[in-house]
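The values are calculated or read from the model by the stated rules, or taken from the named source; none is laboratory data. Computed from a prediction, not measured in an experiment: that's the story for all the values here. All Cβ positions, glycine included, derive from the backbone under ideal geometry; neighbour counts span all protein chains shown.
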Amino acid sequence: MFSFRQEHSVMIMKKSENMSCGNKSQEQDSSGNNEIEKTKICPMRTFVETQDPSSKEVEDLTLRRFLRARDLDLEKASGMLLKYLKWRRSFVPNGFISTSELKNEIQQKKMFLQGSDKKGRPLGVLLAGRHFQHKGGVDEFKRFIVYIFDKIFARMPPGEEKFIVIGDLEGWGYANFDIRAYLAALSLVQDYFPERLEKLFIVHAPYIFTAAWKIVYPFIDMKTRNKIVFVENKKLKSTLLEEIEESQLPETYGGQLPLIPIQDT
């Protein structure tokens, strides 16, 4: 049964569907001419602004990502966005995360950012065999993930929304299996940064990774599962070249770019 507040919120949402509003975004539309999606933007904006005035600063492309993440369900997408805004204010009160908050994570030298795919989407490389649990715990790891995302988003060309990641498991062993960290990263991707990941290439996956994968897999939603590609070693370069020009591919995978630690970008 709805509470009075919930019922009132739904009434506002339904009423806003008959209102018109201008486009708050100066960015290009990278989603094509999805007319149904476009009609949802105005009522969603009207509703979330009544619940959280700070959402006035949110661009239309962001609203569209949350709509797509919830299959254009206006109520679910609005709730998801409001939850994200509340979380962001609490988790990143200063508006950004500094490297001083990530001492243990950065020391592991496991995340790199350089180059882009054929559509201009930023390319990141994660060396998972360098990840180990540390005294900073899951909280520092989550801050590192948000730091990574913010770095990637800052490199995106106008109108672009997504990025590519190569997850390299060479040298990965049970000592690297940090289930709490993996699930935390997954939650951030799916709950707070929806429709950002274009594709995750998993390369050099050892046989023992199968056990870890079976534990994590049930927590991955279908949208995210469809973005994960396991690449065979013998087809590594050819598979990556389907998406990334050789000039933009890291040297370690047969390309021309050096790996650059994300904190140095």
Within region 210-246, tally of residues that are in a helix (DSSP H, G or I), more than 22 Å from A184 (Cβ to Cβ) and without any contact (Cβ under 8 Å) to a residue 24 or more places away in the chain: 6
Only one of D168, D71 that is crowded, with 17+ Cβ neighbours inside 10 Å and either touching an Asp or Glu at 6+ places or on another chain (Cβ under 7 Å) or of a type outside the set (A, V, I, L, M, F, W, C) (or both): D168
Some residue of region 107-118 being assigned to a helix (DSSP H, G or I) and either without any contact (Cβ under 8 Å) to a residue 40 or more places away in the chain or within 17 Å of E198 (Cβ to Cβ) (or both): yes
Single residue of V146, V138, V165 found to be assigned to a strand (DSSP E or B), touching a residue at least 24 places away in the same chain (Cβ under 8 Å) and not assigned by TED's automatic domain parsing to the domain that holds R64: V165
Residue match in region 229-247 (condition: at pLDDT 95 or above, in contact with a Pro (Cβ under 9 Å, 6 or more places away or on another chain), farther than 25 Å from F177 by Cα and of a type in the set (D, E)): no
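So that you can scan it fast, the table gives a plain yes or no per residue for (1) β-branched (V, I, T); (2) under 23 Å from Q190 (Cβ atoms); (3) over 16 Å from the mean Cα position of the chain (by Cα):
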position: R88; (1), (2), (3): no, yes, no
position: S100; (1), (2), (3): no, no, yes
position: N104; (1), (2), (3): no, no, yes
position: Q107; (1), (2), (3): no, no, yes
position: G115; (1), (2), (3): no, no, yes
position: K119; (1), (2), (3): no, yes, yes
position: L126; (1), (2), (3): no, yes, no
position: H131; (1), (2), (3): no, yes, yes
Only listed residue being within 25 Å of N104 (Cα to Cα) and under 21 Å from the mean Cα position of the chain (by Cα), chosen from I220, I262: I262
Region 125-179 - residue that is at pLDDT below 95 and in contact with a strand residue (DSSP E or B) (Cβ under 7 Å, 6 or more places away or on another chain) and, of those, farthest from S98 (Cα to Cα): M156
Flag for I164 being under 18 Å from the mean Cα position of the chain (by Cα) and closer than 24 Å to F209 by Cβ: yes
Enumeration of residues in region 191-201 that are more than 25 Å from N233 (Cβ to Cβ) and touching a Lys or Arg at 6+ places or on another chain (Cβ under 8 Å): D191, Y192, P194, E195, R196
